[in-house]
1. Taking R0 as 56 Å, what FRET efficiency do you get between A:Leu16 and B:Val342 from their Cβ-Cβ distance, rounded to the nearest 0.05?
2. Where does the longest stretch of chain B lie that holds no chymotrypsin sites (Phe, Trp or Tyr not before Pro) found in a DSSP loop with 14 or fewer other Cβ atoms within 10 Å?
3. Can you list the lysines whose alpha carbon sits under 16 Å from that of B:Lys20, skipping same-chain ones fewer than 8 residues off?
4. If you put +1 on each Lys and Arg Cβ and -1 on each Asp and Glu Cβ, how big is the dipole of the protein assembly as shown around its Cα centre, in Debye rounded to 20?
5. Just subtract the alpha-carbon distance of A:Ser103 and A:Ala273 from 0.36 nm times their residue separation and send over the number in nm, one decimal.
6. What's the angle, to the nearest 10 degrees (0 to 90), between helix B:131-192's Cα axis and the longest principal axis of chain B?
7. Hey, rough spin-label estimate for A:Ile44 and A:Asp119, points 7 angstrom out along Cα→Cβ, what's it come to in nanometres?
8. Taking every residue in B:398-404, how many Cβ atoms of other protein chains lie within 10 Å of its Cβ, on average?
Amino acid sequence: MRVSNRLIANTVNSNLFKNTDRLLDLQTMVSSGKRVNKPSDDPISMGRILDYRTTLASVDQYGRNISNGKAWLNLTDSVLGSIGDLVIRAKELSIYQASDTNSPDDRRIASEEVKNIFDQVMALANTKQGNSYLFAGFNTDTPPFDRDDFYNITHSVDNGDIDIVIGVDVRLNINTNGDDAFINNVNIFEVIGDLNTALEADDTNAIANQIEELENALNHILIVRANTGARLNRIESTENHWADFKLNIQTQLSNEEDADIMKVVSDMIAQEAAYKASLAASAKIIQPSLIDFIR
Amino acid sequence: MSDIYGTLNVASRALLAQQKAISVTGHNIANANTPGFSRQRVNMETNEPLSFYPGQMGTGVRPVSVQRVYDQFIGVQVNHENQSMGRWSAQKGALERIEMILDESTGYGLNQRMSEFWNSWEDISNNPGSPTERVVMLNKAELMLGEFHKIYQDIEHVQKEIDISISGTMEDINFTAQEIAVLNDKISQTETGGQDANDYRDKRDLLLKELSSMIDITTFENEKGMVTALVGRGRPLVENIFSWNLSAQTGTSEHKDVVWQDNNGNSAIITQDISGGKLKGWIETRDVKIPEYLNSLDILADSMINEVNNLHEAGLDLNGIAGESFFTGSSASDIAINTSIVDDVNLVAAASAGEGVPGGNGNAIDMANLKNRMTMSDGHASFNDYYNSLVSDIGSNVKQASINVKHETEMLTHLENYRESISGVSLDEEMVNLVKFQHAYDASAKLISTIDELLTTLINMV
């Protein structure tokens, strides 16, 4: 082939451009640490990267939902625990005051303590998580339990089940219905109220009758608490699942998106060597001319 | 006449011929880097011989013509590839801008904004009675809509810039066509006189090459050496010594059409007839690709508006009343949040019908769940899936254009190299020729001085 000077110049230029172009690509990968820097770098990968990012955003949101649910369930659990303790104390009082060794004065003093227990249980049943009443159903902005001067309870719980989202199409019920817990099966307020009435009336038989009622109330609280505990277990295992899943997705995202730095750097070094070689070769081919020799 | 004066004539002709050759060599060297230049050579032949005793006597050399060295077919091929090159590089340029507009690789694009919007509904579901989460959700919605509007407007802006580029190219095309017509005239005049119009032809070839990078042309040459260039299905742009004008006019659509005009003021829209060059790349991007992308965004926004509104209207707000429409509008450019909801966050319908307020959160959960629902592409894609495939689609269009540009670059380099190897100036070769012709010139001069000596001898005899 006949070789003209422009041909040499064009070839040198186009080879240098090709080399610098590849070098620039590799340098971009090294400096950004990413293999896919724009959708056209790898359109299919870009699609997957966006999918993974969407998933990660969802998983992070599940995490927030779960920690909210956990706070709710933990608080429910501890409230039920405290109520249980109060019921135990009421039961102790009833056992103690049912015996004839105590005087009517003792029973009057005990009745003051039982009134306190009543109010404490009611305050606990009106506990708020954030600005929502725990046991109120959907009626979260109104205290669900109130009493009159004669310790008759009034309640305004609706039957709302509050769910949170802990996965794709997976919901978990986090609230405990106040009526189910404290009224419907065993009316814990009535039981304590009756004990108070019996103590005030100094009626040892009636006091003795409340022992079994209090026992029943305690058992029911334990059942409700066990139910809460089961949900806590479930939410915690879901939380662990999402932690593992997130790690997994992050690894896949990294595989898809991140440059294999070892490989890219070694490619870049190889490319640099190629670039230098083509510079050296170009310098050799464009330098000499017949002029240098025929003078 | 092979007498002594005849020999003097041979010498003087030889001097002139070698000098001409040296001059053409100089022209070649001078134009070694001129784009489009083809090296030239002086065609020499022996002068008419004389029959004489004892045989035919030569009468020296004569230069016949100055000819350029070129391959007439390669020009056509270069023009053809240049049309594709122009098309794909124009398309690549425009599509790369759109790719940048989406800006998804950084993770702050619409994909992220949509995820944040859906997730903010789950935050509401965690605390349906509180205004904070509602305000945050509305902020996330504003961000998402802002992204929708920005992408839409920026892509439309690319369309408008393409219009400006098209208008600018019209001037280049018209100017080039005029120059070609002028060169047609010069070439025909030169060649009618029996000479080759080498430099004019080189110049015209270069102009045709430039023209084909802008628009696809069909060319042929008549017997007078004048070239005809046709555009847009057989409409003349250059014919003989005349050229026609193209102009960009705003037509029925809001965009610029390419209009061909003849001398009688008749005009024809040739936008759809253009099949190559930068114009094709731009027109295709503007009229096919971009409307496709914008349409996808509109479909996405419209579905989102419908799905969200249906759900929102089925839910209950914080007052226990059925929700209003959440979004207004019907496309990516006019989607907005219902202003009465912006003014009163209590109107956000977080509870499902039948649930109590403020604790009911079923609707917020359903709303967040829309992100997983297969609402797009006939039930085969979620909102995010749909958008992600749009991003992939644009990415692969850019990639395709880049691959084509690379391919055409290779092809053109190859053809240019081929053309160079035939027509290009090799300085070494010219140097050798220079030495060759210089020696011949020196020898011819020596011949004259020898004849001078012979004549002196003769005269001294007298």
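Laboratory data are not the source of any read-out in this text; all were calculated from the coordinates shown. Just so we're clear, the structure is a prediction, and the values are computed from it rather than from any experiment. In this analysis, Cβ positions are derived from the backbone assuming ideal geometry, glycine residues included, and neighbour counts consider all displayed protein chains.
1. 0.45
2. That would be B:109-462.
3. Cα-Cα hits under 16 Å: B:Lys436.
4. Magnitude of the dipole: close to 5300 debye.
5. My answer for the length gained is 50.9 nm.
6. 20
7. It is 7.3 nm.
8. 2
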